[in-house]
Amino acid sequence: MKKALIICAAGMSSSMMAAKTTEYFKNKGEEIAVDAVSATEGDKMIKTSDFDLFLISPQTTMFLDKFKKLGSEVGKPVVSIPFQAYVPIPTGIQKLSEVIEENI
């Protein structure tokens, strides 16, 4: 199973996006799980976790360069989530799943 992690400001909206996107993948028969953490845990998670992809929420783009550098050090992709893919409605979930599938 592939795993993606959303890094967000506080982890609240990202937790909802992660759950809905994981459910979307499950309903499609794809083995991709999505989880979420706050930006304060981002460094540690990129350095030590077994996630295949790290997604930076629109609220935390100020950390994107720092997280991308860490990702390149450990050989893991770090990408920014576009605003239109960070909306907890079906079209937003579909767009987020496309971002994940393109980068995982």
- Query: Which value in nm describes the separation of the simple spin-label points at SER38 and ALA10, placed 7 Å from the Cα toward the beta carbon?
  - Reply: 0.9 nm
- Note on the structure: Probe 1.4 Å, heavy atoms of protein chains only: per residue, the accessible area of the stretch 2-102 in Å² is 52 Å²
- Item | C-alpha long axis of helix 12-28 to longest principal axis of the chain, angle in ° | 50 degrees
- Task: Please give the net charge around ALA85, taking every other residue with its beta carbon less than 14 angstrom from that of ALA85, where Lys and Arg add +1 and Asp and Glu add -1.
- Result: -1
- Query: Given the rule -39500 (n - 2.57) for each run of at least 4 DSSP H residues, summed and divided by the residues of the chain, what is its mean residue ellipticity at 222 nm, to the nearest 500 deg cm²/dmol?
  - Reply: -14500 deg cm²/dmol
- Task: Quote the convex hull volume per residue of the stretch 2-102, based on C-alpha atoms, as a whole number of Å³.
- Result: 78 Å³
- Item | When each of LYS28/LYS76; LYS20/LYS68; LYS69/LYS95; LYS3/LYS95; LYS3/LYS28; LYS2/LYS26 is checked by Cα-Cα distance, pairs over 21 Å | LYS28/LYS76; LYS20/LYS68; LYS69/LYS95
- Pairing the Cα long axis of helix 90-103 with the longest principal axis of the chain, what angle in degrees results, from 0 to 90 and rounded to the nearest 10? 50 degrees
- Note on the structure: Expressed as a whole-number percentage, the relative contact order of the chain with C-alpha contacts under 8 angstrom and at least six residues apart is 31 percent
- Query: If we sort 43-51, 79-87 on the protection proxy, mean other Cβ atoms within 10 Å, highest first, what's the order?
  - Reply: 79-87, 43-51
- Would you mind telling me the antiparallel percentage of the DSSP bridges in the stretch 1-102, rounded to 5? 0 percent
- Message: Test of understanding: in a Gaussian network model of the chain with alpha carbons linked when under 10 Å, which of GLY29, GLY92, GLY75 would top the mean-square fluctuation ranking?
- Response: GLY29
- For the chain, give the percent of accessible area contributed by carbon and sulfur heavy atoms, probe 1.4 Å, rounded to a whole number. 54 percent
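The values are calculated or read from the model by the stated rules, or taken from the named source; none is laboratory data. Remember, it's a predicted structure, so these values are computed and weren't measured experimentally. Reconstructed Cβ throughout: ideal geometry from the backbone, glycine too, with neighbour counts over all protein chains shown. Accessible surface areas use protein heavy atoms only, side chains included; no ligands, DNA or RNA. Shrake-Rupley method; radii C 1.70, N 1.55, O 1.52, S 1.80 Å.
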